[in-house]
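Okay, structure first, notes after.
The values are calculated or read from the model by the stated rules, or taken from the named source; none is laboratory data. The shown structure was predicted, so the numbers you read here are calculated from the model rather than taken from an experiment. Glycine also receives a Cβ, built like all others from the backbone with ideal geometry; neighbour counts cover every protein chain displayed.
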Amino acid sequence: MPQIIIDTDPGVDDAIAILMALAAPSVEVAGVTVVGGNVPHARGLRNVLALLDFVGRPGIPVHRGSSRPLAGRFASARHFHGFSGITRRLPDPVTRPAPQRAVDFLAHQLAQRPGELTLAAIGPLTNLARLERQHPGSLSRSAALAVMGGAVDTPGNITPHAEFNFHCDPLAAHEVLNAGVPLTLVDLAACRQVSVTREAAFALKATGTLGRLALEIVQNWFRADERRESMLFYDQIAMAAAFCPEVITTRQVTLAVETEGVAAGASTVAADGGPVALADKVDVERLFALMGACLGWEGV
Ligand code: RIB
Ligand code: CA
């Protein structure tokens, strides 16, 4: 059973990815670490705690992470995720975050359980870069590392060059991708193979608390702006790849990340071969079947 630690900036798609992991019978969520990004860190922390309380999983430890990137300041994506970051109002959390900071939690867990823990990084990579700076070799103790980020040979989604997570902290992206650690990267070229239309979203039915909440988040995202005709899945694909790698095919590359200037966060293939398993094709049918099974979604 994969034990997953989720590093996240929730976020609409983050929330759905977290719900997928919670609902997957073959997965145990060993902890959640929070990073700024889609919304400020404090808001993201509140969203994780509120989400876990709402679905009756307050026992999963949630750890404070980076509220700023290695350099500069986080952009935000409230235009996409809404001011609160999740398009479904959740009661204020009762559960408090764990006292240990994200980097210390990750370092301790990976040192205590080498080869056992999968990391699903679905926000800016600041926490993971700080982990590797402060505790060199930690990332290599993970059983697997699945990352959502980058725009390889495809336009960005926050600038013409860069994808949001890499743009938020390009130096962190550079350091994690060049730490020599095997990782699976689901970039925008992969994400653009998967979407759900407004019509399909409102035709979906869901059973169970987790699935209904995930579906409400999706449907409310469409309600928030009548111009929205389809929704891309970002973090959901990376999360699926973390515990069901068969949903994607990959090719091994070495990636270069631009760390400054107008193209900051841009990611290009520096060489074939290398530690990054870059998503190539997404098995959309298999992904939707997995999401349907995890979330009890009928009609996806
Ligand atoms: O570019 C998409 C990524 O940026 C996703 O992780 C989304 O949640 C935002 O953080
Ligand atoms: Ca995210």
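Which residues, counting only those in the range 70-82, are under 30 Å from R228 (Cα atoms), touching a residue at least 12 places away in the same chain (Cβ under 8 Å) and not polar (S, T, N, Q)?
From the range 70-82, those under 30 Å from R228 (Cα atoms) are 73-82; that's our starting set.
Now restrict to residues that are touching a residue at least 12 places away in the same chain (Cβ under 8 Å): 74-78, 80-82.
Across the range 70-82, the qualifying residues are F74, A75, A77, R78, F80, H81, G82.
Quick one: which of A98, A189 is away from ligand 1 (no atom under 13 Å from the Cβ), among the aliphatic types (A, V, I, L, M) and at pLDDT 95 or above?
Checking each option against the conditions leaves just A98.
What number of residues within the range 111-148 are assigned to a loop (DSSP other than H, G, I, E, B) and within 16 Å of ligand 1 (Cβ to nearest atom)?
4
Name every residue in the range 219-252 that is touching a residue at least 40 places away in the same chain (Cβ under 8 Å), surrounded by 17 or more Cβ atoms within 10 Å (Cβ to Cβ) and in a strand (DSSP E or B), in order of residue number.
Scanning the range 219-252 gives I248, T250.
Only one residue in G137, G115, G156, G150 is more than 17 Å from G36 (Cβ to Cβ), among the small types (G, A, S), within 16 Å of ligand 2 (Cβ to nearest atom) and surrounded by fewer than 24 Cβ atoms within 10 Å (Cβ to Cβ). Which one?
The match here is G156.
Name the pairs whose Cβ atoms lie under 6 Å apart, with the first residue in the range 1-14 and more than 7 Å from ligand 2 (Cβ to nearest atom), the second at pLDDT below 95 and among the β-branched types (V, I, T), and 6 or more positions between them or separate chains?
Close Cβ pairs (under 6 Å, with a partner that is at pLDDT below 95 and among the β-branched types (V, I, T)) amount to V12/T87.
Tally time: how many residues in the range 212-266 are touching a helix residue (DSSP H, G or I) at 6+ places or on another chain (Cβ under 6 Å) and over 30 Å from A201 (Cα atoms)?
Looking only at that region, the number is 5.
From the list A71, A15, A30, which one is out of contact with any Cys (no Cβ under 7 Å at 6 or more places or on another chain) and over 27 Å from C294 (Cα atoms)?
Going through A71, A15, A30 in turn, just one is out of contact with any Cys (no Cβ under 7 Å at 6 or more places or on another chain) and over 27 Å from C294 (Cα atoms): A71.
Which residues, taken from the range 53-69, are in contact with a Pro (Cβ under 9 Å, 6 or more places away or on another chain) and either free of Cβ contacts under 8 Å to residues at least 40 places away in the same chain or surrounded by fewer than 20 Cβ atoms within 10 Å (Cβ to Cβ) (or both)?
D53, F54, P58, P61, V62, R64, S67
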